[in-house]
Amino acid sequence: MAAQRRNLMQSHQSWTDDLPLCQMCGVGSAPNCVYGPDGKGTQSHPNEDGHLRFRGEDACFLYGVFNGYDGSRVASYVSQFLTAELLLGQLNSTHTDDDVRRLLTQAFSGVEKSFFKTIDDALAVKADLSNYLPTHNEGTGYQQLSPHSQKVQERLKELEQEVSGGATAVVALILNSRLYIANVGSNRALLCKSSSDGQNQVQQIGRPHNTENEDELQRLAALGVDPARVKQAGQIAGQPSTRTIGDYRVKLNYTDIDLLSGAKSQPIIAEPEIHRNQLDGVTGFLLLMSEGLISALESARGPEQANQEMVAMVAAELAQQSDLEAAAQAVVERVKRVHHDAHASGRQRAARCARHEDMTLLVRTLDYPPSDGLLTPTQGGRIYPVSVPYSNSQSTSKTSVTLSLVMPSQGSLTNGTNTASTVEEGTPTPGQSPTATLQSTNTQTQSSSSSSGDGSLFRQRGSQAAQPDETGRVPPYVDFSQFYRLWGSDHADTQSTLGPQ
């Protein structure tokens, strides 16, 4: 059986290729990147992320984003075999919440156990060959080894590449309008709900399992691990996650790791933390993001508004195109540009943006209207993007966030809505630029309640007024160029007073 699993993993085909894909979601991705002195980016290793998006029977849908490390084999394995643990008749509409939670937990455990069976033979050979290397002088260089020992060491390196690596996972299961999020590690799930007044409520489901999570530190402390040392180190065997799938070093050989050597039982686990949400009547979208994607945005902009910015970018793309795959990819490309611009700026956050890891975004719409003729819940109208300068308390870099203005079908602008905030404004007369007051919406982690801010999310003009040019105009504060382009395209055969005068 282990040999069969190895052959399946090494083949270019997967049994999941025949499963029906969900057409209500799109996936975007980008490989890792390291910026050189000239500002150009190069890929440092093959993409290690994975994902799944399948439609099962009995109103069952399964999605997942997997962040692999030290190779892609674990992420690839999980994306194939987790599906087998959940979509081959195990789930149906009669299952209770407890049943679903139990099946999800068993699926994660079963996939990890089956993965370790695929590397059993290689681990045994590796342990046996290690006995043939000299132990009296571990600092001996390769050239000082005998020819036989050199061959042994080369073979050990090959075996290490075969067995090393792990993955973190965020999985979404939708069963009869019930949403279950199962998380292992530091990926992220966001649920965006559009309310009747045009606001978007953003909910982060769950918290990352890393060395900054106090609950995880308490769990490790109960096993005999020193939480203060773990928190100070910030990593365990080179990884910040306290829950992973695979990675034999921290699962099978954890007593050899200094930070974990005092643990009474396995400290790094594959048990998912599971959260449930009801989707009846929900209009919006679900986002599953790899750690590399959210880390790139937080490195460039700071963590305070990262969730709201991500939702804003997704909503802006969904407002412009109906192809979910293209929309998801466009958002990933936006994050790449934001990260690169932060690096090139030389400002406060440039040092944190010297590189980014693989990025994956899965967007699943929930009764979300298509982009063609997209209407607001209250008045009906076409959403057009505009760009507004943005900053936060942790950054002084000049960046921007995309908002949306709603143009009603009859004529003048009467109201607006933005993807992370609400823009309310009066009706402008022809040739008059609208003014807006901004009300930001924040949602705390694992909470569905929203709170209104005072609009301080957006950069205000400095105390010194901008000087007019020779025509008497001042530089624009809001970039309406994309708005004018889309408006003109939609109303090519009618005369419009909107546009630069």
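Tabulated data
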item: Förster radius 35 Å - calculated FRET efficiency between Asp120 and Gln348 (Cβ-Cβ, nearest 0.05); result: 0.10
item: The range 49-102: proportion of alpha-carbon pairs further apart than 19 angstrom, %; result: 35 percent
item: The range 201-296: GluC sites (Glu not before Pro) in DSSP loop, at most 15 other beta carbons within 10 Å; result: Glu212
item: Of the trypsin sites (Lys or Arg not before Pro) in the range 238-275, those whose Cβ has at most 14 other Cβ within 10 Å and which sit in DSSP loop; result: Lys264
item: Inter-probe distance in nm under a simple model that places probes 7 Å from Cα toward Cβ, at His148 and Gln321; result: 6.2 nm
item: Full-stretch length increase - Asp97, Lys40 - with 0.36 nm per residue and alpha-carbon distance subtracted; result: 15.6 nm
item: Long pairs among Lys117/Lys264; Lys113/Lys231; Lys157/Lys251; Lys151/Lys251, criterion Cα-Cα beyond 22 Å; result: Lys117/Lys264; Lys113/Lys231; Lys151/Lys251
item: Loop GluC sites (Glu not before Pro), the range 21-106, which have at most 13 other Cβ atoms in a 10 Å radius of their Cβ (DSSP); result: Glu57
item: Accessible surface, per residue, of the range 21-145 when the full set of protein chains is kept, probe 1.4 Å, Å²; result: 49 Å²
item: Residues listed by number, the range 222-244, amide nitrogen under 17 Å from Glu214 label point at 7 Å toward C-beta; result: 222, 227-232
item: Accessible area expressed per residue, the range 167-211, with surrounding protein chains retained (probe 1.4 Å, Å²); result: 20 Å²
item: Whole-percent carbon and sulfur share, accessible surface of the range 34-75, 1.4 Å; result: 49 percent
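The values are calculated or read from the model by the stated rules, or taken from the named source; none is laboratory data. Just so it is clear, the structure is predicted and the values come from calculations on it, not from any experiment. Glycine also receives a Cβ, built like all others from the backbone with ideal geometry; neighbour counts cover every protein chain displayed. What goes into the accessible areas is simple: the full protein's heavy atoms, side chains included, and nothing from ligands, DNA or RNA. Shrake-Rupley method; radii C 1.70, N 1.55, O 1.52, S 1.80 Å.
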